[in-house]
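Below: the structure, in structure tokens.
The values are calculated or read from the model by the stated rules, or taken from the named source; none is laboratory data. All figures in this text were calculated on a predicted structure; none of them were measured in a lab. For neighbour counting, all protein chains shown are included, and Cβ atoms are generated from backbone atoms with ideal geometry for every residue, glycine included. With ligands, DNA and RNA removed, areas are computed over all heavy atoms of the protein, side chains included. Shrake-Rupley method; radii C 1.70, N 1.55, O 1.52, S 1.80 Å.
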Amino acid sequence: MGKKGVMKRLAALFLIALMTAGCGAVPAKRSDAPLRGPATTAIAPNPQARQCLAQLGQDGSRFTALPDKYYGAGCSQLNTVNLNALQGDGAQFSLTNIGPVTCPTASILAGWARYGVDRAARQLLGSPLQRIETMGSYACRNVAGSGRRSAHASAQAIDVAAFILADGRRISVLDGWTGGSDAEREFLRTVHASACKRFGTVLGPAYNAAHRNHLHLEEGGNSFCR
């Protein structure tokens, strides 16, 4: 075989090697099996979701929009945000220990915190609100004692434990509902009643022992207030 024939043979072998290597880059066939981890999609996938985010910002809330996540088994975080601060009449106040919440839930919380909590604190306790302490929001779990998914499993519920005032006082649901001063008890019942006008479901110490230390605020439900 001449030099030209050797070169053609080497070129052919090189081309075959490239084609063989390329086979490993062909995408695998899409599996129909359920995802074991969260699948992420675009933020605010529809106009209604985008409008909610825009309104939340116009209301003075500070937040970060989060990508949608599906965890399976009835648990998800769709159109959710991380709230950093809410707007009061005179200043912003922060939140602690809160996780992802849906934008509509965050919007309801923002209105309640400003008009139902901050104003009640100033009128009944003589000091504006500075911070709301929560026990979290999203949790992939059932309603206690049932096989039904909790609103926490879709980031539509928040558990509020205490309120910190600008003068340093801490009004907790656990200590203040029955053991606080007259003004503190009135304040807690006022903010509870205000929440019932805004949220679909509100559960507090009067409901059962499991809620003795917090107010469960849920976007959905059938106007159940206890």
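Figures for the structure shown
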| read-out | value |
| --- | --- |
| Probe 1.4 Å, protein heavy atoms only - accessible area per residue of the stretch 79-226 in square angstrom | 42 |
| Inter-centroid distance (Cα atoms) of the stretch 195-211 relative to the stretch 84-155, Å | 13 |
| For peptides 78-85, 209-216, 153-160, sequence by mean Cβ density within 10 Å, most packed first | 153-160, 78-85, 209-216 |
| Portion, in percent, of the accessible area of the stretch 120-226 that falls on carbon or sulfur, probe 1.4 Å | 46 |
| Rounded to whole Hz, the Karplus (6.51, -1.76, 1.60) HN-Hα couplings of the stretch 191-201, x for glycine and proline | 6, 5, 5, 5, 4, 5, 7, 10, 8, x, 9 |
| Kirkwood hydrodynamic radius of the stretch 119-176, from inverse mean 1/r over distinct Cα pairs, in Å | 13.0 |
| Size of charge dipole - the stretch 80-226 - debye, nearest 20, with Cβ of Lys, Arg +1 and Asp, Glu -1, no other charges | 280 |
| Whole-Hz couplings from phi, Karplus 6.51/-1.76/1.60, listed for the stretch 117-130; x for Gly and Pro | 9, 4, 5, 5, 5, 6, 6, 9, 10, x, 8, x, 6, 10 |
